[in-house]
1. Condition (residue is in a loop (DSSP other than H, G, I, E, B) and of a type outside the set (A, V, I, L, M)) applied to the range A:73-90: is it met by at least one residue?
2. Inspect the range B:197-204 for any residue being more than 16 Å from the chain's Cα centre (by Cα), within 23 Å of A:Met40 (Cβ to Cβ) and assigned to a helix (DSSP H, G or I) and give the result as yes or no.
3. Considering only residues that are under 17 Å from the mean Cα position of the chain (by Cα) and β-branched (Val, Ile, Thr), which ones fall in the range B:206-227?
4. So is B:Val166 of a type in the set (A, V, I, L, M, F, W, C) and touching a Ser or Thr at 6+ places or on another chain (Cβ under 9 Å) or not?
5. Give the range B:154-206 a look and list any residue that's more than 10 Å from chain A (Cβ to nearest Cβ), among the polar types (S, T, N, Q) and crowded, with 17+ Cβ neighbours inside 10 Å, or say none.
6. If you scan the range B:125-145, which residues turn out to be crowded, with 24+ Cβ neighbours inside 10 Å and of a type in the set (Val, Ile, Thr)?
7. State whether one or more residues within the range B:12-23 are farther than 25 Å from B:Leu190 by Cβ, of a type in the set (A, V, I, L, M) and either modelled with pLDDT of 85 or more or not assigned by TED's automatic domain parsing to the domain that holds B:Ser187 (or both).
8. Quick one: is B:Glu66 surrounded by fewer than 24 Cβ atoms within 10 Å (Cβ to Cβ), closer than 18 Å to A:Phe70 by Cα and modelled with pLDDT under 90?
Amino acid sequence: MLNICQVIIHIIFLYCIYRIGNWIQTAFDLIIPGSVIGMMILFILLTTNVIKAAWIEKGANFIINNLVLFFIPATVGLINYLDFFAGPGFLLILIALFCTLLVIASSGAASQWMLGRKEK
Amino acid sequence: MTNLFIGFITIVATCCIYLIAKRLHKRWGYPFTVPIVTSTFFIIIILLVFQISYETFMIGGQWIKELQGPAVVALAYPLYKQRDILKKYLTPILIGSFAGVFIGISVGIFLAKSAGFEEAIIISLTTKSVTMPVAIAINETLGGVTTLAAIFVMIAGFGGIFFSSVIYKMFRINDDVAKSVGLGCGSHALGISKALESGLREGSISTIAMIVSAVTVSVLAPWLVELLLIDS
């Protein structure tokens, strides 16, 4: 029971940081999503020891372990696009696949090149 | 009142289906039985059979969606936990993710634009290699179609699982660190699961690469979209 309470409190804490990120986004009219700003804030606060990992640990682990649940609403939206993917949208699947392989190849190649330079 | 009831039922049902899907995946463990695929599949079948519209489903769905924001924030924690590895491989990870993001988005925009797709759809394509919560957040900010974005994210994930070995052989990428960076940048969480097959260190590097490239995309995507999509 104590565990569940901790998880909930940690998530509320994460939610507050998310709200702060959103607030910063609108206040400064930024194009970076508020949640990503919140993530950067949390990372900075953790590394500078302003926030202790123990304050968010359990909530963060719970959310990350069950990350998928929160995206089911988005993927179920596919139901409205079944015709689209049966038609011209199919091409987009191929483009997405092709670009993914391109990303993997270029990221891998670029970092291997950097690693090679470091060793010399 | 009815809305509250429908919402409550959808939330409970979605959670139950998710938990079952999770258990099934534990037992089977194939890439195609990941909970997101099986639970989406089941829910769509149920909606189709009982002729429930997506809008009705979203009465409850929007509450589940509300946790996407804190989910992105929570990603700072694994990044913090792996900060030693982050420091050690900072430049290869940064350069790798920057190269992948830049090339992936530019080519994606170019191809989709040549094929004549509309702007909102092309925007949803730009975030395909990003972890799902960040991809959805970027699409909400830039005006993409979140559902399409989510589908493309799934395609990117499976692309990495099934074809990364071939790609690495083709381009002679044989360093384990570089391979993990590529998987994290290109195929997010599914890429990490693939990298984990090579070891815990590979999994951590992949996790860092995924988070770093998520931040990179949220900074670069708006800029590339404006440059390549809207102006010309």
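The values are calculated or read from the model by the stated rules, or taken from the named source; none is laboratory data. No experiment lies behind these values; they were computed from the predicted model shown. Counting neighbours? That spans all protein chains shown, and the Cβs are built from the backbone with ideal geometry, glycine included.
1. Yes: one or more hits.
2. Among the residues of the range B:197-204, at least one is more than 16 Å from the chain's Cα centre (by Cα), within 23 Å of A:Met40 (Cβ to Cβ) and assigned to a helix (DSSP H, G or I), which makes the answer yes.
3. First, pick out the residues of the range B:206-227 that are under 17 Å from the mean Cα position of the chain (by Cα): B:206-221.
Hits for the range B:206-227 are B:Thr207, B:Ile208, B:Ile211, B:Val212, B:Val215, B:Thr216, B:Val217, B:Val219.
4. no
5. Once the filter is applied, which keeps residues that are more than 10 Å from chain A (Cβ to nearest Cβ), among the polar types (S, T, N, Q) and crowded, with 17+ Cβ neighbours inside 10 Å, the range B:154-206 yields B:Ser193, B:Ser204, B:Ser206.
6. B:Thr126, B:Thr127, B:Val130, B:Thr131, B:Val134, B:Ile136, B:Ile138 - these are the residues of the range B:125-145 that are crowded, with 24+ Cβ neighbours inside 10 Å and of a type in the set (Val, Ile, Thr).
7. From the range B:12-23, those farther than 25 Å from B:Leu190 by Cβ are B:12-13; that's our starting set.
Narrowing further to those that are of a type in the set (A, V, I, L, M): B:12-13.
Subset that is either modelled with pLDDT of 85 or more or not assigned by TED's automatic domain parsing to the domain that holds B:Ser187 (or both): B:12-13.
Yes; the residues of the range B:12-23 include at least one that is farther than 25 Å from B:Leu190 by Cβ, of a type in the set (A, V, I, L, M) and either modelled with pLDDT of 85 or more or not assigned by TED's automatic domain parsing to the domain that holds B:Ser187 (or both).
8. Judged against the criteria, B:Glu66 is a match.
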